[in-house]
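**Student:** Would you mind keeping the following structure in view while I ask a few things?
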Amino acid sequence: MSTYNHLVAEQINIRELVKQSESALLKQLPGWAYVLLEKIVYQDEINRIINKYSEFEGVDFLSKMVDEFKIEPVVSGIENLPAHGKCFFVANHPYGIADGLLLTCIISSRYGNLKAIGNDVFMLIPQLRPLIAAVNVFGSNYRDYIRELTGVYKSEIPVTHFPAGRVSRVIKFRVEDGIWQKSFISKAVECKRDIVPIYFPGKNSSLFYFIYLLRKMFFIKTNLELTLLPRELFNKKNRKIRVVIRKPIPYNTFDNSRSHSEWAQWVKTRVYRDE
């Protein structure tokens with residue numbers, strides 16, 4: 001626990017975030033749209049939680065979040081976690097927030113400190129900042145982000161990662177990740193990190209996928225369904241969530257017989273394989 005009381009005043013503020021954004025469309029939103037957006041993203045409830053646990057940070061804050069939402073992980077394959085933590089712990093991404101919470105909690109409970117490669121939007125929550133190795137998934141990565149990521153990869157601490165880079169969507173009538181990015185393969189080989197695949201069997205609400213399919217139908221590029229992710233987290237309250245830990249894959253598996261991109265999709269199939 002740390003002296004984090006100064007964070008009580010640092011809260012999520014949708015109106016301020018819109019003002020700071022580069023989107024001309026968002027800046028034209030009428031007042032009632034702000035009110036609606038604040039309710040959709042559970043702004044008041046998130047700020048209540050941030051204040052409630054303002055004295056906690058990092059892995060301590062994560063455990064408080066799991067307790068707050070009363071999410072119970074049902075883990076199989078725990079024996080597959082290696083003795084050392086210098087690995088990439090990679091997973092599919094069906095939930096958006098709950099899977100991130102559980103992945104980091106499981107790995108930190110085994111190895112202690114870790115770094116989670118995540119969207120820089122999570123840096124808005126002060127208590128998470130010590131854990132996040134941020135990437136800007138909607139644009140070019142800032143130089144500071146790249147420098148920090150390089151240091152993280154070369155370190156001895158565990159790294160958690162969702163290689164799809166975004167939450168699972170409906171693909172061919174099935175909820176599944178899109179193409180996995182190859183960077184975790186490249187860095188596994190370069191930094192001699194084994195890969196531990198982890199599978200979350202599950203999905204979000206029908207509304208989440210309906211909004212996604214609707215915007216695809218009307219060729220809307222803005223990821224409207226992402227605003228529902230806080231709602232999806234609150235929907236997971238008081239629920240059990242299965243987690244399947246697969247056997248580790250040594251980094252020297254990834255030879256020249258496939259490209260790094262092909263190896264990334266191969267690891268993805270290992271995650272989704274039938275049990």
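All of the numbers you see were taken from the coordinates with simple rules; none came from a lab. Bear in mind that the values here come from a model prediction, so they are computed numbers and not experimental data. Cβ: placed from backbone, ideal geometry, glycine included. Neighbour counts: every protein chain shown.
**Student:** If each DSSP helix of 4+ residues adds -39,500 (n - 2.57) and the sum is divided by the residues in the chain, what number results at 222 nm, nearest 500 deg cm²/dmol?
**Tutor:** Details: 10 runs with 106 residues, N = 275.
So the helix-based figure for the chain works out to -11500 deg cm²/dmol.
**Student:** Work through the residues other than N92 whose Cβ is under 10 Å from its Cβ and net out their charges, Lys, Arg +1 and Asp, Glu -1.
**Tutor:** Values: positive: K268; negative: D99, E176, D177.
With Lys, Arg at +1 and Asp, Glu at -1, the neighbours total -2.
**Student:** Continuing with this model, one more query. Where Lys and Arg each count +1 and Asp and Glu each count -1, what net charge lies around V196 among other residues with Cβ under 9 Å from its Cβ?
**Tutor:** Details: positive: R246, K247; negative: D194.
Net of charged neighbours comes to +1.
**Student:** Inverting the mean 1/r over all pairs of different Cα atoms, compute the Kirkwood radius of the chain and quote it in Å.
**Tutor:** On the way: mean 1/r = 0.0508 Å⁻¹.
With all distinct Cα pairs of the chain included, I get 19.7 Å.
**Student:** When Lys and Arg each count +1 and Asp and Glu each count -1, what net charge do the other residues less than 12 Å away from Y111, Cβ to Cβ, add up to? Spell out each step's value before the answer.
**Tutor:** Numbers: positive: K86, R110, K115; negative: E156.
Neighbour charge sum, excluding Y111 itself: +2.
**Student:** Round to a whole angstrom and tell me the spacing of the C-alpha centers of segment 60-85 and segment 165-235.
**Tutor:** Centre-to-centre (Cα) distance: 21 Å.
**Student:** Select from the chain the helices, each a whole stretch of DSSP H, whose alpha-carbon atoms run 15 Å or more along the helix axis and whose Kyte-Doolittle mean is at least -0.5; answer none if there are none.
**Tutor:** Working: long enough: 58-69 (17 Å, 0.34); 98-111 (20 Å, 0.91); 143-154 (17 Å, -0.92); 206-217 (16 Å, 0.97); 260-272 (18 Å, -1.00).
Length and hydropathy pass: 58-69, 98-111, 206-217.
**Student:** I would also like to ask the following. When only C-alpha pairs under 8 Å and at least 6 residues apart count, what is the relative contact order of the chain, in percent? It would help to have the intermediate numbers written out before the result.
**Tutor:** Details: 420 pairs, mean separation 70.9, N = 275.
Over the chain, the number comes to 26 percent.
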